[in-house]
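The values are calculated or read from the model by the stated rules, or taken from the named source; none is laboratory data. Note that the structure is a prediction, hence the values are computed from the model and not measured. Please note: Cβ atoms are built from the backbone with ideal geometry, for glycine as well, and neighbour counts cover all protein chains shown. Each accessible area value is taken on the protein alone, full model and side chains, heavy atoms only, with ligands, DNA and RNA left out. Shrake-Rupley method; radii C 1.70, N 1.55, O 1.52, S 1.80 Å.
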Amino acid sequence: MEEITPMMRTEIEKYLKQNGITLTEFSHIINLNVGTLSSIVTGNRSLSVNQLDRITAGMELPPDYFYERYIEECIIESPSLHWRKISPFLYRCAELGRLDCIQRVMSLLLDTSMYIPLLFEMAEDLFQKGEYQEAATCLYENVAESERKQHSERLALCQYRLFSIRIGKDQAQNLQTAAKFEPFVDRLDEIDQLDALKDLANVYRSLSSWDKVYKFSRQMYQLGQIQYDLVHNSKREIQLGKKLSRPLFVYIAYAELMCANACDAKGDHEQAKEHLRGSADLSWVKESDPDTLHWIKKFQHWAKINTYV
């Protein structure tokens with residue numbers, strides 16, 4: 001039989017009574033307006049997660065003590081689910097590692113299509129912050145599941161992020177992760193695709209899957225050339241829609257270097273040397289800023305070492 005727990009406001013009232021604290025005194029302790037606190041306790045006012053955290057801290061309870069009940073009383077029972085209430089709660093759950101609460105809220109939201117882009121943006125924000133990868137994973141998995149029949153770019157981006165998060169030291173898992181992500185690469189926009197192809201080629205290099213390394217490196221080379229030509233040789237000025245993790249020409253040169261490694265590993269040394277020359281001869285690069293010159297020197301150095309080898 002399911003345990004029936006007292007409502008949050010019942011516990012607050014009980015705490016005040018047992019400790020002989022008035023509402024006014026408690027409002028000073030938690031730095032919350034007494035009228036606001038009174039309305040929360042009487043059930044006449046909606047409770048934000050920030051207010052809940054103040055009350056919980058004032059009662060000297062763990063910060064997530066009321067979180068399951070918050071979902072039941074303030075999200076499920078709310079006549080209309082407001083993102084302004086839900087969003088801060090999900091962020092707080094991420095900070096406290098309450099993936100169970102995130103999953104519970106997601107199960108309530110994903111049937112309503114308007115929440116999917118909002119949840120995806122939250123996942124992106126958590127992913128970029130770098131310290132809440134488990135929460136980001138939970139969000140990406142749920143958004144991907146809801147979009148699985150859409151063949152959308154958002155679905156592909158979810159799969160790319162999950163691929164990035166899951167790649168680690170376990171090579172067997174890396175192989176599974178890369179294989180699962182492969183079908184989604186072509187659905188990404190061109191800029192994300194360049195980084196994704198680079199990442200896939202790197203993973204397959206670590207697995208010594210040289211045919212795959214060559215395949216994805218060639219794709220990166222061709223796509224990089226198309227994008228470079230669009231940026232520099234188009235009659236009208238073209239700006240890339242997103243920022244790449246490296247200068248654009250680096251993807252072309254790096255693709256040549258990876259192809260050289262793959263050919264060398266497969267015993268095709270002449271083809272390997274041809275790709276090495278391609279990675280070192282960067283006279284076609286139009287930029288001349290310090291970052292570009294730094295990368296050009298790097299590729300020339302790498303080509304020299306690989307040629308000796």
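Points worth noting:
- Yes/no for Arg205 being open to solvent by 40 Å² or more (accessible area, probe 1.4 Å) and in a helix (DSSP H, G or I): yes
- Scanning region 288-309 for residues that are surrounded by fewer than 16 Cβ atoms within 10 Å (Cβ to Cβ) and not hydroxyl-bearing (Ser, Thr, Tyr) turns up Asp289, Pro290, Asp291, Leu293, His294, Lys297, Lys298, Gln300, His301, Lys304, Ile305, Val309.
- Of the criteria (1) of a type outside the set (A, V, I, L, M); (2) farther than 19 Å from Cys158 by Cβ; (3) without any contact (Cβ under 8 Å) to a residue 60 or more places away in the chain; (4) open to solvent by less than 30 Å² (accessible area, probe 1.4 Å), which one Tyr70 fails: (3)
- Residue list for region 8-35, filter: surrounded by fewer than 14 Cβ atoms within 10 Å (Cβ to Cβ) and within 37 Å of the chain's Cα centre (by Cα): Asn31
- Inter-residue pairs, beta-carbon under 6 Å, first in contact (Cβ under 8 Å) with a residue 40 or more places away in the chain and under 16 Å from Ser152 (Cα atoms) and in region 178-203, second open to solvent by 30 Å² or more (accessible area, probe 1.4 Å) and not in a loop (DSSP other than H, G, I, E, B), 6+ apart: none
- Only one of the numbered conditions (1) more than 18 Å from the chain's Cα centre (by Cα); (2) under 23 Å from Ala260 (Cβ atoms) is not met by Ala172, and that is (2).
- If you go through region 97-117 and keep only what is among the aliphatic types (A, V, I, L, M) and loosely packed, with under 14 Cβ neighbours inside 10 Å, you end up with just Met114.
- Selection of first residues in region 14-42 that are of a type in the set (Gly, Ala, Ser) and of second residues that are surrounded by 14 or more Cβ atoms within 10 Å (Cβ to Cβ), restricted to Cβ pairs under 7 Å at least 6 apart or on distinct chains, gives the following pairs, ordered by first then second residue: Ser27/Val34; Ser27/Leu37; Ser38/Leu23; Ser39/Arg45.
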